[in-house]
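Novice: Here you go, one structure.
Laboratory data are not the source of any read-out in this text; all were calculated from the coordinates shown. No experiment lies behind these values; they were computed from the predicted model shown. Neighbour counts run over all protein chains shown; Cβ positions are idealised from the backbone, glycine included.
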Amino acid sequence: MNLSKLRALAKRLKTQQELACRLWETDDTAARLLAILICRPKAFERDALDVMLRQARSPKVHNWLVNYVVKKSPYCEELRLAWSADQDPVVASAGWALTTERVAKKPEGLDLQGLLDVIEAQMKDAPDRLQWAMNHCLAQIGIERAEHRARALDIGERLEVLKDYPTSPGCTSPFAPTWITEMVRRRHDRATA
């Protein structure tokens, strides 16, 4: 599927909530991605978003739904809390993605120490998508919060999650200690330039 063409089509269609809902119901990945691009995020009720997330089994649909719709919803924080505790690891990964967003943009009120405790205890044996989301949160805590950086680096080093993940030249490894160190270095370099 050509995402550039899909985005161009969405731009021509503009926002069409009713069409977006009909496209979602097709259960087709391309149709659901288009639905996400033309919907009105704030038009969905909390329960509808929960059902949609559970239906979104394609990783791309799942990610776009969280990033383009749920993050703009008035139910975002409520869903973050509910999903983070969900028994379904794919649903829980959405809660962790929303938590990572909070760490980066609005950490007030988050128990970062508690998040690190959960990551330390559960990330190593978590299913792939949940592990990836928890790892991203670990890295974000280390990047954004200097007071927690040493612990985030230590957890990453000890757990070795994604340590051997193949990384293209010029890209930053998702291995949390490498990721944290590189992003902190880049910020330092920009600040001193």
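Novice: Can you give me the long-range amide H partners of Ala56? Hydrogens built in the peptide plane at 1.01 Å from N, cutoff under 5 Å, separation of 5 or more residues or another chain.
Specialist: So Ala56 has HN proximity to no qualifying residue.
Novice: For segment 27-35, in order, what is each residue's ³J(HN,Hα) by Karplus, 6.51 cos²θ - 1.76 cosθ + 1.60 with θ = phi - 60°, in whole Hz (x at glycine and Pro)?
Specialist: 6, 9, 4, 4, 5, 5, 5, 5, 4
Novice: State to the nearest 20 debye the size of the charge dipole of the chain about its Cα centre, where the only charges are +1 on K and R beta carbons and -1 on D and E beta carbons. Show your work: numbers first, answer last.
Specialist: Details: 30 positive and 26 negative charges, 234 e Å.
In debye, rounded to 20, the chain gives about 1120.
Novice: Okay, moving on. With Rg and the Kirkwood Rh both taken from Cα atoms, where does Rg over Rh land for segment 46-94?
Specialist: On the way: Rg = 9.5 Å, Rh = 10.5 Å.
My calculation of the ratio gives 0.91.
Novice: Lys124: which lysines have alpha carbons under 28 Å from its alpha carbon, excluding same-chain residues fewer than 8 sequence positions away?
Specialist: Partners found: Lys60, Lys71, Lys105, Lys106, Lys163.
Novice: Once you wrap a convex hull around the alpha carbon atoms of segment 1-47, what is its projected area averaged over all directions, in nm²? Spell out each step's value before the answer.
Specialist: Values: hull surface 13.1 nm².
Averaging across all directions leaves 3.3 nm² for the Cα convex hull.
Novice: How big is the dipole moment of segment 37-94 about its Cα centre under a simple scheme where the beta carbon of each Lys and Arg is +1, that of each Asp and Glu is -1, and everything else is neutral? Debye, nearest 20, please. Don't skip to the answer; put the middle values down first.
Specialist: Values: 9 positive and 7 negative charges, 67 e Å.
In debye, rounded to 20, segment 37-94 gives about 320.
Novice: Glu160 versus Gln87, label points 7 Å from Cα toward the beta carbon: distance in nm?
Specialist: For the pair Glu160/Gln87, the computed spacing is 3.3 nm.
Novice: Remind me, relative contact order of segment 136-187 in percent, using alpha carbon pairs under 8 angstrom and six or more residues apart?
Specialist: Working: 55 pairs, mean separation 19.4, N = 52.
In percent, rounded to a whole number, it is 37.
Novice: Taking Cα pairs under 8 Å and at least six residues apart, what relative contact order does the chain come out at, in percent?
Specialist: Details: 219 pairs, mean separation 23.5, N = 193.
Dividing the mean separation by the residue count of the chain yields 12 percent.
Novice: Which whole-Hz ³J(HN,Hα) couplings does segment 104-117 yield from phi under the Karplus relation 6.51 cos²θ - 1.76 cosθ + 1.60, θ = phi - 60°, glycine and proline marked x?
Specialist: Listing the rounded values in order: 6, 10, 8, x, 4, x, 7, 8, 5, 4, x, 4, 5, 4 Hz.
Novice: Also, I was wondering about something else. Note down, for the chain, the three equivalent ellipsoid semi-axes (square root of 5 times each alpha carbon gyration tensor eigenvalue), biggest first, whole angstrom.
Specialist: 31, 19, 16
Novice: What does the extension gain come out to for Arg40 and Cys21, with contour length at 0.36 nm per residue minus their alpha carbon separation? Could you put the intermediate results ahead of the total?
Specialist: Values: separation 19, 0.36 × 19 = 6.84 nm, distance 1.01 nm.
Full-extension gain reported as 5.8 nm.
Novice: Work out the charge dipole of segment 93-193 with +1 on the Cβ of Lys and Arg and -1 on the Cβ of Asp and Glu about the Cα centre, then indicate which of Gly156, Ala191, Ala94 is farthest towards its positive end.
Specialist: The listed residue farthest towards the positive side: Ala191.
Novice: By how many degrees, 0 to 90 and rounded to 10, does the Cα axis of helix 176-192 deviate from the longest principal axis of the chain?
Specialist: The angle comes out near 90 degrees.
Novice: Let's test this: bin the Cα-Cα distances of segment 141-193 at 10 Å from zero up to the farthest pair and state each bin's percent.
Specialist: Final binned percentages: 26, 49, 24, 2.
Novice: Could you give the size of the charge dipole of segment 2-109 about its Cα centre, using +1 on the Cβ of each K and R and -1 on the Cβ of each D and E, expressed in debye and rounded to the nearest 20?
Specialist: Working: 19 positive and 13 negative charges, 147 e Å.
Magnitude of the dipole: close to 700 debye.
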